[in-house]
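Scroll down for the structure; my scribbles are underneath it.
The values are calculated or read from the model by the stated rules, or taken from the named source; none is laboratory data. Given the structure is predicted, the values throughout are model-derived calculations rather than measurements. Positions of Cβ are backbone-derived with ideal geometry, glycine not excepted, and every protein chain shown enters the neighbour counts.
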Amino acid sequence: MVIAIDGPAGSGKSTIAQLLAEKLKGRDGGEFTYINSGNLYRAITLGCLRARIDLSDGEKVIEIAKNVKISYQKTNVFIDGENVTDLLHTDEIDRHSAPVSAIVPVRHIVNDIIRSLSEGRNIVVEGRDMTTVVFPNAEYRFYLDASADSRAKRRYEQGVSNLSLEEIKAAIMKRDEIDRNKAEGSLKIADGAVYLDTSDLTIIQVYEKLIEAID
């Protein structure tokens, strides 16, 4: 079974996808694997920064994406055997990962990784084009949305950014613009996907609405 979730940054996709994977254990023959597609792009971005390449040089970014060995174990992302999960949510990675993810060949590489991870597994996967490009025929497809103010506040309260609330909001709005205007895999609501605005909902309320739709 594939449960695919799309939506803009800060809409609650990661938290709810991970919660669904945990709560759905035992259904359809066992474990559900949670896959955060954004972390794969962030891992490639980290690889590029470590290699000190110019991130505006698409060919060099593609070369890193092709050659870096990325693996996904439970909720952890590994680069060449190193667990880099805790390094993927810095302001620097946030700033560069959206342009990296807009490079079409990089998207193809990441999408192939995600599809290979899904083989023979029940998965809950989230990102920007999971319901439209990667798994358009997933059994369950959701689009989570939220206002820019709400998303900025959530990010600010996580305490993982050194930016002010207004700076975080500006960064989120810039990210939205990039995501919605990608040459391929742009952020949009898939036909038939269940739409949910999470601005004024708790995670538990979002979970309950998604479970209700699944059941």
> Can you name the residue in the stretch 125-170 that is among the hydroxyl-bearing types (Ser, Thr, Tyr) and outside any loop (DSSP other than H, G, I, E, B) and, of all such residues, is surrounded by the most Cβ atoms within 10 Å (Cβ to Cβ)?
Replying inline: Thr131
> Which one is nearest to Phe142 (Cα to Cα), of the residues in the stretch 171-189 that are surrounded by 14 or more Cβ atoms within 10 Å (Cβ to Cβ) and aliphatic (A, V, I, L, M)?
Replying inline: Ile189
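Conditions (1) buried (at least 21 other Cβ atoms within 10 Å of the Cβ); (2) touching a residue at least 12 places away in the same chain (Cβ under 8 Å); (3) of a type in the set (D, E, K, R); (4) part of a helix (DSSP H, G or I), marked per residue:
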| site | (1), (2), (3), (4) |
| --- | --- |
| Ala9 | yes, yes, no, no |
| Ala17 | yes, yes, no, yes |
| Ala21 | yes, yes, no, yes |
| Thr33 | no, yes, no, no |
| Thr45 | yes, yes, no, yes |
| Lys60 | no, yes, yes, yes |
| His89 | no, yes, no, no |
| Ile93 | no, yes, no, yes |
| Ser97 | yes, yes, no, yes |
>> Being under 17 Å from the mean Cα position of the chain (by Cα) and modelled with pLDDT under 95 narrows it down to one residue among Ile168, Ile189, Ile178, Ile214; which is it?
In response: Ile178
> Of the numbered conditions (1) surrounded by fewer than 21 Cβ atoms within 10 Å (Cβ to Cβ); (2) assigned to a strand (DSSP E or B); (3) under 13 Å from the mean Cα position of the chain (by Cα), Asn111 satisfies every one except a single condition; which is it?
Replying inline: (2)
